[in-house]
Amino acid sequence: MNLRVSPRTVQGQAVEKLRSAILAGMFKPGDRLIEADLCELLGVSRPSVREALRSLEAERLIAIIPNRGPQIPILSWQEAQEIYQVRSLLEGEAAALSALRSRPEDHKRMREALAKFGKATRQGEKVLQITSTGELYDVILNTCGNRIIEEILRGLLARINFLRERSMSLPGRAKFSLKEMTGLCDAIERGDADAARAAAIHHVEQACAAAREAYDRDARRD
């Protein structure tokens, strides 16, 4: 992965490049991010790297540990399981509400996100898989009409993306995920709140099972 950036909009590009690298799994949980190494990788100054790291800390994609500096957070399986439980409840309700409130233009945006995910799956582009999934759920959250559900789930976004990267690392998982999200969109388009809730919950449960398998696989490697 080429991380070097052009001189213009240096800080914004540095944030974008590092974010993509983290979500692509270039850095693993627990890895320390050494400023000098990042300067060399990105081809930018130390102040630009520091600003980028502060932005990523605000997104909770990195943690700055006293006496150790920035590192990729370690997400335990216990915490991951709790996040999946919250997602199951809230995303199920958001999907049901979206089925009742969304409009044809919203459905078009969901289909566009699904198309991007399908392309990313065929090409093996992990970052695009994650960002396109996020675009799909953006539509659902924007149309559900419940600001508290939206606020809670957006607050979990960085950790959700970490888990998406983990579950998508299993061979074949992305194809099943595409089928699950297609069923979710179908239910929302039909205005079937019960089916949308069930589809959203099923998708989270399957993602949870895939993440559990990925955690077990990584534990065996250690």
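The values are calculated or read from the model by the stated rules, or taken from the named source; none is laboratory data. Treat the numbers as computed from the prediction; the structure is a model and nothing was measured. Cβ sites come from the backbone with ideal geometry, for glycine too, and all protein chains shown count toward neighbours.
Please identify the pairs in which a residue from segment 11-28 that is over 12 Å from residue 48 (Cα atoms) has its Cβ atom under 6 Å from the Cβ atom of a residue that is in a helix (DSSP H, G or I) and basic (Lys, Arg), counting only partners at least 6 apart or on another chain.
Sorted first by the residue in segment 11-28, then by its partner, the pairs are 24/126.
Considering only residues that are in a helix (DSSP H, G or I) and of a type outside the set (D, E, K, R), look in segment 25-38 and name the one that is surrounded by the most Cβ atoms within 10 Å (Cβ to Cβ).
Per the criteria, the residue is 38.
Looking only at segment 110-125, how many residues end up being surrounded by fewer than 19 Cβ atoms within 10 Å (Cβ to Cβ) and either free of Cβ contacts under 8 Å to residues at least 24 places away in the same chain or more than 17 Å from residue 186 (Cβ to Cβ) (or both)?
Within segment 110-125, residues that are surrounded by fewer than 19 Cβ atoms within 10 Å (Cβ to Cβ) and either free of Cβ contacts under 8 Å to residues at least 24 places away in the same chain or more than 17 Å from residue 186 (Cβ to Cβ) (or both) number 8.
Of (1) in contact with an Asp or Glu (Cβ under 8 Å, 6 or more places away or on another chain); (2) closer than 19 Å to residue 29 by Cα, residue 210 satisfies all except one. Which?
With (1) in contact with an Asp or Glu (Cβ under 8 Å, 6 or more places away or on another chain); (2) closer than 19 Å to residue 29 by Cα applied to residue 210, the lone miss is (1).
With 194, 186, 216 as the choices, which residue is at pLDDT below 95, in the same structural domain as residue 119 (by TED's automatic domain parsing) and surrounded by fewer than 18 Cβ atoms within 10 Å (Cβ to Cβ)?
That would be 216, the only listed residue that is at pLDDT below 95, in the same structural domain as residue 119 (by TED's automatic domain parsing) and surrounded by fewer than 18 Cβ atoms within 10 Å (Cβ to Cβ).
Just wondering, is there one or more residues in segment 185-197 that are part of a helix (DSSP H, G or I), within 17 Å of the chain's Cα centre (by Cα) and touching a residue at least 40 places away in the same chain (Cβ under 8 Å)?
Within segment 185-197, not a single residue is part of a helix (DSSP H, G or I), within 17 Å of the chain's Cα centre (by Cα) and touching a residue at least 40 places away in the same chain (Cβ under 8 Å).
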